[in-house]
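First up is the structure itself, then whatever we jot down about it.
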Amino acid sequence: MTSSTRTSYPFSSKTIALLALEGDTEVLSWLRPWDARTIRLLSNEVREASHDYLLLIAEAYRQASARVLDGLRQPVTEGNLVNHQWLHTFTTNPVTGLALLALVLYLFLYRFVGTFGAGTLVDFLDGKVFADLFNPFVNHVVDSLIPYRCIRELVAHDFGILTLGLRYAVAVVFPIVTTFFLSFALLEDSGYLPRLAYLLDRTLKPLGLSGKAVIPLTIGFGCGTMAVLVTRTLDTSRERMIATVILSAAIPCSAQLGVIMALLAQRPLALLVWALVVIGIALITSTLLNHLLPGGPPSFILELPPLRWPVLSNVIRKTTTRVSWYFMEIMPLFLLASVLIWVGRETGVLDRLLAWMILPMEKLGLPPQVAQVFIYGFFRRDYGAAGLYDMQDQLSMGQLTVAAVTLTLFLPCMAQFIMIIKERGMLFAVAVVACVFPLAFSVGMLLNRLLVLTGLL
């Protein structure tokens, strides 16, 4: 590094060199050509001296932080389970850890989010509050006050901002998102999530991911848009690309997951078929990308925090913050989707799109009216899932399974698509859509043929 580094860059030459060695893309973009050459030579020498140089740098950071904090911090003993070494071993041992993971998924995702959130709470809010009280009242008031049909359709009735957009956002999606964020906050505050990352690191390596990818992938079950943003925490561009594709193709958001569980929970076999197909596609896709994309397996460096009982105030604060984010960032998209659907219906564009979707619906073994579920699903994935929830009485269990699988593998929603453009670039986002769209329908058609031939559902 040149002597003018201190005045040319915002940090010292030592800091710039360390960040560049760690592969910080922003710092690398700052380097002048001669400094970049110096860094490349230094990187080669460091790699020859030790292949674990990233681990050595991380350990040096940890020791330096410990020296700074020494004497300044006080140990927190309230709710701390760090002395229970057997519990740490239990969560990180492959046998007991995977059994615990299965129990966590069953209790938190299936029972709490799926059964309670998507079942009990949605049935009450959607069936009692909105269907019986709110929507009839709004329709009556709007019909009484607004003489113009097109304006009435914009505000109320089947596709109105209040009767569809607000209903989906509050009655169908909100309870599912809230129960998921509450579950996630409990697991996060207990210190379990980093141990899950440690546990699954070796499992994720063949997929081109490290244990760190557990965090954005888990967040993807809450909101895919937020999860794409969190992929910034992954160390390499290669890993971020693989995680983004998995999030786009095979990770249902909490509302979509909850609705699908509510639809298929009556037949556990249908839910099992859906889960096996979606997991299989995620594994196959990520494995292929791991072999096709240049680069090697990512490193994994993560400090495990102490296990403790979740602090109620922390859990409430995290849950309310994320739910507030949902209301501020996501609910307006529901209302915007209602407006776009209204524009599409009034201009005839939506009818033409639905007409183009009739043939794919036939190949999937689904009635033509299900096409609107997929079109709405592009505006919001959970919007499409909520539409499928409305049609459940018109479909057989086999049709529901095919529709659920295809919808899960379908295009990322508009908000997630925009976030992919922002994080990965337009070319990558278009490539994802070009691959995911035919993949979803191909898998759905194949599943439909197998279910028809076997009579399984």
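Throughout, read-outs are computed from the coordinates displayed, never taken from laboratory work. Keep in mind it's a predicted model, so treat the numbers as computed, not measured. Heads up, the Cβs are rebuilt from the backbone with ideal geometry, glycines too, and the neighbour counts pull from every protein chain shown.
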Computed, not fitted: 222 nm per-residue ellipticity of the chain from DSSP H runs ≥ 4 (each -39500 (n - 2.57)), nearest 500, equal to -20500 deg cm²/dmol
What whole number of Å gives the distance from the Cα centroid of segment 259-304 to the Cα centroid of segment 221-251? 13 Å
Going by Cα centres, segment 104-122 and segment 352-408 are how many Å apart? 23 Å
Total formal charge among the other residues, if their Cβ is under 12 angstrom from that of MET261, Lys/Arg +1 and Asp/Glu -1: +2
Among the helices of the chain (complete DSSP H runs), which have Cα atoms covering no less than 30 Å along the helix axis and a Kyte-Doolittle mean of at least 0.0? 268-292, 426-454
From Cα coordinates alone, what are the radius of gyration and Dmax values for the chain in angstrom? 24.8, 80
DSSP-assigned coil residues among GluC sites (Glu not before Pro) in segment 296-378, each with at most 13 further Cβ atoms within 10 Å: GLU303
Ranked list, fewest to most other Cβ atoms within 10 Å of each Cβ, for TRP30, TRP86: TRP86, TRP30
Evaluate the distance, in nm, between pseudo-label points positioned 7 Å from the Cα of THR287 and of TRP356 along their respective Cα→Cβ axes. 3.4 nm
Nitroxide proxy distance, nm - points 7 Å out along Cα→Cβ at ARG152 and ARG40: 7.1 nm
VAL430 to ALA275: FRET efficiency via 1/(1 + (r/R0)^6), r the Cβ-Cβ distance, R0 35 Å, to the nearest 0.05? 0.75
